[in-house]
1. Per 0.36 nm of contour for each residue apart, how much would the distance between GLU317 and ASN303 grow if the chain were fully extended, relative to their Cα-Cα spacing?
2. Taking the Cα-to-Cβ direction at ASP281 and at GLN404 and moving 7 Å from each Cα, how far apart do the two end points lie in nm?
3. What is the Cα centroid distance between the stretch 221-255 and the stretch 200-218, reported in whole angstrom?
4. To make sure I understand, if each residue's beta carbon is the centre and we count other beta carbons within 10 Å, what order do ASP314, ASP307, ASP132 fall in, fewest to most?
5. Under the Karplus relation 6.51 cos²θ - 1.76 cosθ + 1.60, θ = phi - 60°, what is the ordered set of whole-Hz ³J(HN,Hα) values for the stretch 182-191, x standing for Gly and Pro?
6. I need the shape label for the stretch 44-95. Rule: rounded when a/c is under 1.5, else prolate if a/b > b/c, else oblate, with a, b, c from the alpha carbon gyration tensor.
7. Between their Cα atoms, which of LYS198/LYS445; LYS299/LYS445; LYS130/LYS176; LYS296/LYS445 are more than 25 Å away from each other?
8. What are the ³J(HN,Hα) couplings of the stretch 71-86, residue after residue, when phi is run through the Karplus curve with 6.51, -1.76, 1.60 and θ = phi - 60°? Round to Hz, x for glycine and proline.
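Each value in this text was obtained by applying a stated rule to the coordinates, not by laboratory testing. Predicted model only: the values in this text are computed from it and were never measured. FYI the Cβ positions are ideal-geometry reconstructions off the backbone, even for glycines, and counts take in every protein chain you see.
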Amino acid sequence: MKRIPTNWFIYITFLLALLTTAQAADTATPITAAAPNPDQPKTSPYIAAENHLAAVHASLKYLDEQLPTIAVAAEETALRLAGNPKASIHIIAPSTSATRPSPYYNEFTNRPGALLASRTKNPTHNNAPKSDDVTLLFLTPDTPTYRMPESNDDFALDQQTVIKLQLQADLSRLIKQAQTHKAKGSFLISFIPLNLIKELNIDLETIPHDLLIDISPDPQTPSPLPTYNTAIPAGWTYYSELFCASTRHFRDNIPVVRKSFELDTRQLRYVDYIHTPYHADRLPPDPVKPMALGAKYLKTLQNITRDLQTASFDNIEHTIDRMSIATAEDSRIFINASGPFIQYLSPIYSLNSTITSLPNYPSIYTPWRNQTPKKSDFIIIIADHQTAYSEYFGSYKEIDRIKQFPLGSAWIIESYNTPKGTLRRANHNFTDFPHDTLGDILIDKFGQVGDTLINVPDYDTNLGPSSTFTSLTLYQTLTAPFLNND
């Protein structure tokens, strides 16, 4: 008998094994899904957006640990303002121009919830600090001031080195200004992302401060955005605590808090108090304990972030889908942003960092200048604290043009918990506008009418606005999936 070659024997054995395995699989209990492999990278385009929102929520809780220091900073500020009628607050923060106020100055002096009597100086006026003054240093890399020449071969460095050099230059300029204020005797409250300072190898001893407030993200839940920080919620927590301290130290004339145009349509209250920013005409509210309003503000922002992660996330996904179509077809994604802070950071100074303004880094956004939409263009409208299609977005003609975008539009707005409501149109007429019939994406910011969140008993307006925080958070969330795209 002829012997079967060894290799044929192995081949026949392998076939029999396959048949046996297939028969066993037919009789076994069916498996509906394979077990997830924890080592396999996630490929969903929404993962970066989910991770950023998770980082924001965790970082707000992380900021809770800084609340005692923030309360002490507010207490010292109130004592200085109460002790010297000429004492002032100065803000050192990133700015887009030497002749234009910093977005931080606009945010903390012009928003609902701002204290008219905080005596915050316009940084472009070059007011020299005095020994009784207070200086707030926001050491954040939001708006770049340093530019590397694209045509110079000496600067042909890798991207990460370029980013690091630019961040170091931005922060060094702010540190130098703060050192001048410190030398004049101003009490220096420094809001610093310590994680970034360490990463950039900046010696903490070179950063002047009397009190240091860490605005780093939670290290256990990092954001996809490398320079994310909590400067805005930390700043408003400080101003909320400053009102707390004012109720204890300004008993005869409590400082006036700015009220939203939604609740003071003709700004009559603002005009009444602009030259006398203290309430000499009413009894002050009962003294508020330290950390009471700051803790409430941070907790409310945490709840809003949870709403963004849940109730708003379907529409965030739809927006990312349309952005993906536009980028895949080399079309434009327009940004139309409003508000004293977000409009200066987008789209040129996007992502709360400098990275998209660097040479050779592709920006996926185009500023909206009432251009004619074409191809697969898409637009994202970031409201301040208005509802959709309000007059604050431009003329009636411009709003009609927005409605003609091939991929539609995404509106980041305050819905005030109404799917359709009485909305003010550009022609100042009121109409019931059914959002869901237009095919637009509406991402709810979950704010309150009047923007501010924190009620103060026996006072006529609230503290602690949310609109800038949610606008910036959602802008970052939508951009995060495209951060590494070429």
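1. In short, 3.0 nm is gained.
2. 4.8
3. What the calculation gives is 17 Å, centre to centre.
4. ASP314, ASP307, ASP132
5. For the stretch 182-191, the Karplus curve yields 4, 5, 7, x, 5, 6, 9, 10, 10, 9 Hz.
6. oblate
7. LYS198/LYS445
8. 5, 5, 4, 5, 4, 4, 5, 4, 4, 6, 5, 6, x, 9, x, 9
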